[in-house]
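One structure below.
The values are calculated or read from the model by the stated rules, or taken from the named source; none is laboratory data. On a predicted model such as this, the values are computed, not experimentally measured, just so you know. Here Cβ is always computed from backbone atoms with ideal geometry, including for glycine, and neighbour counts include all displayed protein chains. Note: areas computed on protein heavy atoms with side chains; ligands, DNA, RNA excluded. Shrake-Rupley method; radii C 1.70, N 1.55, O 1.52, S 1.80 Å.
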Amino acid sequence: MPNIKSISLVIPVFNEEANLPVLHKEISTALTGIKPSWEVIYINDASTDNSLAVIRDLAAKDEHVRYLSFRENRGQSAGFAAGFQHATGDVVVTLDADLQNDPADIPSMLAMYDAEGADMVIGWRTTRKDTAVKRLSSRIGNAARNWWTRETVHDTGCSLKVMRTEMARRMPMFKNMHRYLPTLMKMQKAKVMETPVNHRHRMHGESKYGTWDRLKAGLYDLIGVRWLLDRAIDYDIEDQK
């Protein structure tokens with residue numbers, strides 16, 4: 001990966017104490033031996049279980065680990081936004097803390113990013129390991145987002161993504177922006193690619209959002225994102241002195 005100097009994994013965490021040790025072991029296994037240096041930034045979103053204690057223990061034992069801890073619960077998008085600002089790597093990798101994303105997919109995504117000159121590589125969960133209701137709601141949500149925002153990606157809801165840090169930091173930050181990261185990157189003329197990734201059953205804990213809550217918020221967000229797309233400033237300089 002000659003064009004990647006360093007990597008920052010950004011992982012929001014809310015009540016995932018049982019999953020964190022397993023996740024970190026999988027990350028270490030997946031990234032051991034890669035040439036770019038790497039770090040993991042866990043963003044504790046005011047967890048009410050022992051997640052913060054587990055993260056502190058990981059940080060004490062592994063120099064790759066950094067963490068931020070919010071005073072109040074602010075949601076996944078706030079976690080990603082804070083992680084982007086504090087990342088030291090020129091490439092950021094986002095994923096969930098619930099073990100449904102597979103860290104073993106990260107090296108191949110980084111290789112695609114580097115070899116293809118991409119600005120973003122997003123995971124595509126071709127075989128979902130969720131309930132039928134969740135799969136259906138995600139399918140409807142993806143279709144609605146693509147139609148309304150003139151998008152073409154298959155799975156914008158997959159948290160496993162690789163992106164150029166400087167472009168991630170320039171994206172407009174708002175609640176639920178994590179569902180529109182490919183579109184927000186394309187507003188900067190980013191080259192966005194997709195690749196199939198593994199998806200796994202949740203082992204511990206429970207989903208942090210409800211289907212109807214997500215639907216209600218999603219309809220509101222669609223209006224805002226479409227407004228951003230239609231009102232975005234775009235220009236090319238032909239000549240200057």
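Structure values in brief
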item	result
Prolate/oblate/rounded call for region 1-112, Cα gyration tensor, a/c under 1.5 rounded	prolate
At most 16 other Cβ within 10 Å, DSSP loop - GluC sites (Glu not before Pro), region 11-72	GLU63, GLU72
Rounded accessible area of LEU68 (nearest 10 Å², 1.4 Å probe)	40
When each of LYS61/LYS161; LYS25/LYS175; LYS5/LYS61; LYS35/LYS186; LYS161/LYS189 is checked by Cα-Cα distance, pairs over 19 Å	LYS61/LYS161; LYS25/LYS175; LYS5/LYS61; LYS35/LYS186
Protein accessible area in region 45-100, 1.4 Å probe - carbon and sulfur %	44
Centroid-to-centroid separation of region 72-133 and region 172-194 [C-alpha atoms, Å]	12
Rough spin-label spacing in nm, given labels placed 7 Å along Cα→Cβ, for TYR220 and MET173	2.0
Where labels lie 7 Å past Cα in the beta-carbon direction, separation of VAL22 and HIS86 in nm	2.5
5 angstrom amide H check on SER6, placed H, neighbours 5+ away	ASP90, VAL91
J(HN,Hα) series, region 73-82, from Karplus relation 6.51 cos²θ - 1.76 cosθ + 1.60, nearest Hz, glycine and proline x	5, 10, x, 5, 5, 5, x, 4, 4, 5
Protein-only accessible surface order, largest first, of ARG231, ARG179 at 1.4 Å	ARG231, ARG179
Per-residue HN-Hα couplings for region 83-94 [Karplus 6.51, -1.76, 1.60; θ = phi - 60°; Hz; x = Gly/Pro]	x, 4, 5, 9, 5, 9, x, 7, 10, 10, 10, 10
Accessible area in square angstrom per residue, region 1-113, 1.4 angstrom probe	42
